[in-house]
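The values are calculated or read from the model by the stated rules, or taken from the named source; none is laboratory data. Everything quoted here is computed from the prediction, not taken from an experiment. Here the Cβ positions follow ideal geometry from the backbone for every residue, glycine too, while neighbour counts run over all protein chains shown.
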Amino acid sequence: MKDLMVSVSGVRGIVGHSLTPEVATRFATAFGTFLAGGMVIVGRDSRTSSPMLFHAVCAGLMASGCQILDVGMCPTPTVLLVSKKMKADGSIVITASHNPIEWNGLEFAADSGRLLTTEDQDQLSQIYQSDSIRFSPWNEQGRIEVLETAIEIHLEQILNCHWVNLERTHRRNLKVVIDAGNGAGSQISPILLEKLGCEVVQVHCTPDGLFPRPSEPTPEALIQLCKVVKAESADLGLAHDGDADRLVIVDQQGNALSSEYTFVLIADFMLGEATKFTPDPTADWPLQGTSQADLVATVSTSRMIDDVANRHNANLFRVPVGVGFVVEKMRQRSEQEWMNTGRILGGEGTGGVIFPELQYTTDGITAIAAIVQMLADSNQSISHHVEALPQYAMHKMKIDVPSPKVADQLLDSTAEIFATDPEADLDLTDGVKRIWSDRWVNIRKSGTEPVIRIFSEAPSQDEAKQLCLQISESLNKLRSIQ
């Protein structure tokens, strides 16, 4: 259907336009056919359209003979963690994550919370578009059961992580302002912070789906959070997107950090050196470590992650944008025999971090615990940790496109133009990425919105912005002549 976004991230559309009850029910029935029945965990975010879609999804799953375990309103990582714990055959989260309020969607996972691979998604789409959907007879219809302890399960799993030290976090007694954007993290994140011994100030933690700010927690969207952090003299501000699989940080001075810092800071901490090392301002970066580890990041993640990998002597792998691609590479690496005693961490520059100790999906709730533990162990501020990293500037833009076909044509033309320069360093892993010695630009088609995204990184903000503007101008010229 026109404007319905189908990708490895699932299905997203504008409610009442491209995403209707009919579409949701058919996708749910196709998913039940894909699973061949079994138990399916169903959860939802706080969007006002989520209850309607929940009933549509349940109808489709029941019609295909699936048994439903309703975990209610909770974050996407909570749903997938429950699926893992219950050894469910699949799960559906009703969410549009960071998309605007008029959007909603369905995110699918297979057995025990395993994200769908590209091949799985292709098979699901084929079932949806074909006549192979399976409907169960009257005596094989599915049923619904309710599980009310999903949030408690997630909290327990986080607090049992080997790197969580409650004695230290309680001793640090951080004052933290949490902004859940009235989304699915509104209930669980304040509770987690309290259990970590933090003094908690809540902003936008009423999960009514009436977003008081854009769901995507960009620095521009966090003006109120920044003001509250300063007014409360807090140590830290934290913000989620709609389904709380992302986390963005505000420092103690009320400055909203780029979402790129979340994965970088946590990777530095989780690789084991952040609590032991006091940066020498006269030393050249990077400082080599001795740990054996893997980091997996997307092609558009900041080059700060390269520096962290070098610092800890870790292998860094770049993959296409999308949690599913990061997870596939992480699973592939973790299956290597030598990694049995090693460490692996994955993430994106969006503020999403994957903690395989718990599960293979981005988890903005567990990310809270990691940031709090980092500060408790180091007894330093967020600014201190940020200043210990090499400083780059990133700029992000997006251009609306009428269809994925137009986006593909523009990207193909851009790749051809770049390729005419014999000295061009091109990476075609996802879209077109051109790399210079001190900067890069990545142009790619979004899998969640009808847009082309342009990311650039350079030594200064002006240079990064100018690089984006040049590419945007070139794309608009190409579009006008096509």
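What the table below lists for this structure:
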| item | result |
| --- | --- |
| Identity of the residue in the range 340-360, assigned to a loop (DSSP other than H, G, I, E, B) and over 8 Å from the mean Cα position of the chain (by Cα), that ends up modelled with the lowest pLDDT | G342 |
| Test: residue in the range 71-88 that is surrounded by fewer than 21 Cβ atoms within 10 Å (Cβ to Cβ), in the same structural domain as Q123 (by TED's automatic domain parsing) and part of a loop (DSSP other than H, G, I, E, B) | yes |
| Residue within the range 318-325 that is surrounded by 15 or more Cβ atoms within 10 Å (Cβ to Cβ), under 27 Å from K396 (Cα atoms), in contact with a Pro (Cβ under 9 Å, 6 or more places away or on another chain) and at pLDDT 85 or above present | no |
| Residue pairs meeting the criteria (Cβ under 8 Å; at least 6 apart or on separate chains; first in the same structural domain as T78 (by TED's automatic domain parsing), in the range 40-54; second basic (K, R) and not in a helix (DSSP H, G or I)) | S50/R44; P51/R44; L53/R44; F54/R44 |
| Test: residue in the range 442-457 that is in contact with a Gly (Cβ under 9 Å, 6 or more places away or on another chain), in a loop (DSSP other than H, G, I, E, B), of a type outside the set (S, T, N, Q) and under 14 Å from V299 (Cβ atoms) | yes |
| Subset tally (residues that are assigned to a helix (DSSP H, G or I) and either buried (at least 24 other Cβ atoms within 10 Å of the Cβ) or under 21 Å from the mean Cα position of the chain (by Cα) (or both)) for the range 203-245 | 6 |
| Count of residues meeting criterion [in a helix (DSSP H, G or I) and loosely packed, with under 12 Cβ neighbours inside 10 Å] in the range 413-428 | 1 |
| Selected residue (criterion: nearest to S136 (Cα to Cα)) from residues of the range 36-88 that are of a type outside the set (D, E, K, R) and in contact with an Asp or Glu (Cβ under 6 Å, 6 or more places away or on another chain) | G65 |
| Check on A376, assigned by TED's automatic domain parsing to the domain that holds L192, buried (at least 17 other Cβ atoms within 10 Å of the Cβ) and touching a residue at least 40 places away in the same chain (Cβ under 8 Å) | yes |
| Contacts under 7 angstrom Cβ, first residue in the range 174-185 being in the same structural domain as Q252 (by TED's automatic domain parsing) and surrounded by fewer than 24 Cβ atoms within 10 Å (Cβ to Cβ), partner of a type in the set (D, E, K, R) and part of a strand (DSSP E or B), 6 or more apart | K175/E199 |
| Odd one out for Y128, checked against (1) in contact with a Leu (Cβ under 9 Å, 6 or more places away or on another chain); (2) not assigned by TED's automatic domain parsing to the domain that holds Q253 | (1) |
| Test result for V248, within 17 Å of the chain's Cα centre (by Cα), buried (at least 24 other Cβ atoms within 10 Å of the Cβ) and modelled with pLDDT of 95 or more | yes |
